[in-house]
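J.: Structure below; questions to follow.
The values are calculated or read from the model by the stated rules, or taken from the named source; none is laboratory data. As the structure is a prediction and not an experimental result, all values here were calculated from the model. Quick reminder, even Gly has a Cβ in these numbers, built from the backbone with ideal geometry, and neighbours come from all protein chains shown. For accessibility, only protein heavy atoms count, side chains too; no ligands or nucleic acids. Shrake-Rupley method; radii C 1.70, N 1.55, O 1.52, S 1.80 Å.
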Amino acid sequence: MVYSHTQISRYLRCPRSYRYRYLDGWREKETRASLLFGRAFEKALAAFFSGEDSAAALFKEWGAYRDAQIEYSHGDDWERMARQGVQLLERLAQHDRIRIRQPLRNMQVKLVRSVSGGSEFVAYVDAIGTLDGKRCLLEWKTTTARYPEEPDGLLALDPQLICYSWTSGIPDVAVMAFVRKRVPEIQYLKATISDEQRQEYSRLVETTISQIEAGQFLAHSGIRFPQNGCVSCAQLGLCLGNQQLIDAKLIRTPGASDLDWLDQLDD
Ligand code: SF4
């Protein structure tokens with residue numbers, strides 16, 4: 001078996017959701033504009049760090065959705081998102097704080113670790129480079145809301161960053177949050193992951209995999225107000241037996257267990 005951070009975090013959020021997605025093959029339909037824009041922007045960043053025309057790359061990728069029936073939120077539309085993307089790329093060039101040597105080799109870096117039972121844990125890290133001259137693991141996010149910066153040290157608790165630090169062995173990590181707001185902004189957020197955190201994540205992975213392989217898929221419905229995880233769960237229709245919701249949100253694929261490589265690109 002091959003596992004990823006997305007699989008582990010989905011199981012920890014709700015084991016029933018994991019079963020629906022990875023065993024039964026229910027995938028979320030990819031119609032959210034924010035997700036599709038995040039992927040297009042990632043291609044533009046790859047062009048940027050390769051010295052190519054990043055705005056042209058953005059228009060090429062995002063242009064594919066110009067007339068598509070996709071779901072916009074936060075008052076977005078195609079033009080507005082394209083404009084914000086170009087502004088963010090311009091700011092990135094003005095700030096000039098990131099260096100990635102040999103971008104073909106150091107972007108979308110595949111990291112593999114062996115885990116017990118002959119399985120593998122695979123992660124794709126956005127980039128390994130330097131921020132303000134210091135070597136670190138770099139992660140991009142597109143979002144409509146600023147990341148919280150208080151209290152100090154909060155980012156070091158981010159499980160995805162801990163995961164990437166564990167798979168790479170690199171303690172210094174950074175998130176570049178590309179914030180799509182009225183005046184677009186880039187947040188450069190740094191954190192250092194401790195050896196203890198990496199060891200703890202390793203134990204978390206092993207424990208979770210043993211529960212998955214033991215076939216434990218009890219529902220963890222999060223229906224307490226105000227943070228009701230079921231409301232934002234794409235598989236809510238399956239749990240409620242609501243065919244309309246299933247048809248609106250999901251598509252069933254045979255084989256099921258591919259990995260969600262391009263996870264969490266958007267808010
Ligand atoms: S709707 Fe709730 S209980 Fe059902 S899979 Fe999603 S998170 Fe789990």
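J.: Modelled with pLDDT of 95 or more, of a type in the set (Gly, Ala, Ser) and either farther than 21 Å from Gly51 by Cβ or open to solvent by less than 30 Å² (accessible area, probe 1.4 Å) (or both): does that describe Ala93?
T.: Spelling it out, it is not the case that Ala93 is modelled with pLDDT of 95 or more, of a type in the set (Gly, Ala, Ser) and either farther than 21 Å from Gly51 by Cβ or open to solvent by less than 30 Å² (accessible area, probe 1.4 Å) (or both).
J.: Here is a follow-up. Just checking, how many residues over the stretch 116-142 are within 20 Å of Phe49 (Cβ to Cβ) and either assigned to a strand (DSSP E or B) or open to solvent by less than 60 Å² (accessible area, probe 1.4 Å) (or both)?
T.: Residues in the stretch 116-142 being within 20 Å of Phe49 (Cβ to Cβ) and either assigned to a strand (DSSP E or B) or open to solvent by less than 60 Å² (accessible area, probe 1.4 Å) (or both): 18 in total.
J.: Also: Looking only at helices (runs of 4 or more DSSP H) that fall completely inside the stretch 1-73, which ones have 3 or more residues that are within 16 Å of the ligand (Cβ to nearest atom)?
T.: In the stretch 1-73, the matching helices (runs of 4 or more DSSP H) lie at 5-13, 15-18.
J.: Looking only at the stretch 104-115, count how many residues are assigned to a strand (DSSP E or B), in contact (Cβ under 8 Å) with a residue 12 or more places away in the chain and at negative phi.
T.: So the count comes out to 7.
J.: Moving on to the next point. Could you tell me whether any residue of the stretch 189-208 is closer than 30 Å to Gly85 by Cα, open to solvent by 30 Å² or more (accessible area, probe 1.4 Å), modelled with pLDDT of 90 or more and away from the ligand (no atom under 16 Å from the Cβ)?
T.: For the stretch 189-208, residues closer than 30 Å to Gly85 by Cα, open to solvent by 30 Å² or more (accessible area, probe 1.4 Å), modelled with pLDDT of 90 or more and away from the ligand (no atom under 16 Å from the Cβ): present.
J.: Continuing with the same structure: Among the residues of the stretch 71-80, what is the count of those that are touching a Lys or Arg at 6+ places or on another chain (Cβ under 7 Å) and under 13 Å from Arg32 (Cβ atoms)?
T.: 1
J.: Select from the stretch 74-85 the residues that are open to solvent by 30 Å² or more (accessible area, probe 1.4 Å) and in a helix (DSSP H, G or I) and list them in ascending order.
T.: Glu79, Arg80, Arg83
J.: Let me ask something additional. List the residue pairs whose Cβ atoms are under 9 Å apart, where the first residue sits in the stretch 237-254 and is open to solvent by 60 Å² or more (accessible area, probe 1.4 Å), the second is basic (Lys, Arg) and within 15 Å of the ligand (Cβ to nearest atom), and the two are 6 or more positions apart or on different chains.
T.: Taking only residues 6 or more apart or on different chains, the pairs are Cys239/Arg16; Ile251/Arg27; Arg252/Arg27.
J.: Out of the residues in the stretch 150-188 meeting the condition of being among the hydroxyl-bearing types (Ser, Thr, Tyr) and open to solvent by less than 30 Å² (accessible area, probe 1.4 Å), tell me which one is farthest from Arg80 (Cα to Cα).
T.: Looking at residues that are among the hydroxyl-bearing types (Ser, Thr, Tyr) and open to solvent by less than 30 Å² (accessible area, probe 1.4 Å), I get Thr167.
J.: Applying the selection to the stretch 212-231, what residues are without any contact (Cβ under 8 Å) to a residue 40 or more places away in the chain and either more than 9 Å from the ligand (Cβ to nearest atom) or among the β-branched types (Val, Ile, Thr) (or both)?
T.: Correct list: Ala214, Gly215, Ile223, Arg224, Phe225, Pro226, Gln227, Val231.
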